[in-house]
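The structure appears right after this line, and notes come after that.
Just so it is clear, none of the values below were taken in a lab; they were calculated from the coordinates. Just so we're clear, the structure is a prediction, and the values are computed from it rather than from any experiment. Reconstructed Cβ throughout: ideal geometry from the backbone, glycine too, with neighbour counts over all protein chains shown.
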Amino acid sequence: MTAAVVAVDVGGTTVKASVVDDRGLPRHHRTAPSAGGTDTVAVVRSLVESLRGAAVADGLDVLAAGVVTPGLVDAETGRVAYASNLGWRDLDLRAALEGPLGLPVSVGHDVRAAGRAERHLGAARGADDFVLLQLGTGIAAAVVTGGALVSGAGSAAGEAGHMPVYPDGEPCPCGKRGCLEAYAAGAAVLRRYLAAGGAEVNTARGVVARLGADPVADRVWGEAVTALAFGVSTLTMLLDPALVVLGGGLALAGDALLEPVERAMADLLVWRDAPPIRLSTLGTAAGQWGAALEAFALTPHAGCVESWTRPATPVA
Ligand SMILES: [Zn+2]
């Protein structure tokens, strides 16, 4: 039988899960709504169980599961100290999954796992010093420096979304004002556009689609880009990365994001060159690819990931 793992990305609204085989090929995929609180743990368990059934029918032997979540996640202990969007506090996620599933389970942080995947398979392949900035509903970073993925003393490294960019600026869901996330996260772009009297759209990509034809969209997007450039320039001065990767849903805006951020960065970093800025090549599947890498590390087939090439078929 071919070895495989189940890779799970737990989000605030959706849980995404895929079977990935030892050649790095995604074989089955399922999603389910996050149920909230400990019910979300049951959703993860049932997705892993149903995918394991599908994998066996396909001649695959599922040897481990990898689960990544937002929040304060300790990959060593498998505990989630706090995840606001999931309603989790001091949850021993690994124990809650390993016992009932009878499988080894890795527990990781979604954005750090995405950084691991971008380094192994994606836009930062082989880079020892880079920052991945995930621009989703919120914003968080994976920092790799000297080849090491930085977790911090309390597993809270990379919360770049709450770096202040405009003191006394827009209120942020964290309770402070002027955070990067309050301007440049997908949810913020949409909220600010609608608050400024924009047209009826229901996603940040809807705002992006109106660029060039809608002055409100142009202004709100311009302010998001400026805030993002402040954030990236701060990270650049602190860490001197070889490159910065922009990922998450907002990075699907492509050149509409990349080009103005590059221009703004060149203006902000007058005394040094800006690092190259690239768009994620794994897109919103990066967290799941990271979960697959972390899960295979628990199996006797850990070395198989070395031969993986850039996924031809992204995990959805
Ligand atoms: Zn904040």
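Distance distribution P(r), region 63-107, all Cα-Cα pairs, bin width 5 angstrom from 0: 6, 25, 34, 21, 12, 3, 0 percent. Based on DSSP H segments of at least four residues, each scored -39500 (n - 2.57), the chain has a per-residue ellipticity at 222 nm of -11000 deg cm²/dmol. Highest mean first, the peptides 244-254, 153-163 sorted by other C-beta atoms within 10 Å per residue fall in the order 244-254, 153-163. The label point for GLU262 and the one for ALA57, both projected 7 Å from the Cα toward the Cβ, are 4.7 nm apart.
For the peptides 82-90, 100-108, the ranking by mean Cβ contacts within 10 Å, running from highest to lowest, is 100-108, 82-90. Here the relative contact order of region 208-316, from alpha carbon pairs under 8 Å that lie six or more residues apart, stands at 26 percent. What list of ³J(HN,Hα) couplings, whole Hz, do you get for region 103-113 from phi and the Karplus terms 6.51, -1.76, 1.60, once you set θ to phi - 60° and write x for glycine and proline? Ordered by residue, 3J(HN,Hα) equals 9, x, 10, 8, 10, x, 8, 4, 6, 5, 5 Hz. From most to least packed by mean Cβ count within 10 Å, the peptides 138-146, 10-18 give 138-146, 10-18. Here region 27-140 has an Rg and Dmax of 15.1, 42 Å, counting Cα atoms alone.
Helix 286-296 and the longest principal axis of the C-alpha atoms of the chain enclose an angle of approximately 30°.
About its Cα centre, the chain has a charge dipole of approximately 340 debye under the convention of +1 per Lys or Arg Cβ and -1 per Asp or Glu Cβ, with nothing else charged. Normalised by residue number, the volume inside the convex hull of the Cα atoms of the chain is 131 Å³ per residue. Amide H contacts for TRP88 (H built 1.01 Å from N in the peptide plane; partners 5 or more residues away or on another chain; cut-off under 5 Å): ALA83. Could you work out the relative contact order of region 238-292? I mean the mean sequence separation of Cα pairs under 8 Å and 6+ apart, divided by the number of residues, in percent. Relative contact order comes out at 53 percent. Note on LEU180, LEU228, LEU238: ascending count of other Cβ atoms within 10 Å places them as LEU238, LEU228, LEU180, the fewest first. For region 128-279, the Kirkwood estimate of the hydrodynamic radius, built from every pair of different alpha carbons, is 15.5 Å.
Short-range pairs are left out: with C-alpha atoms under 8 Å and at least six residues apart, the relative contact order of the chain is 20 percent. In summary, region 229-309 shows an alpha-carbon radius of gyration equal to 1.38 times the 2.2 N^0.38 Å reference for compact globular proteins.
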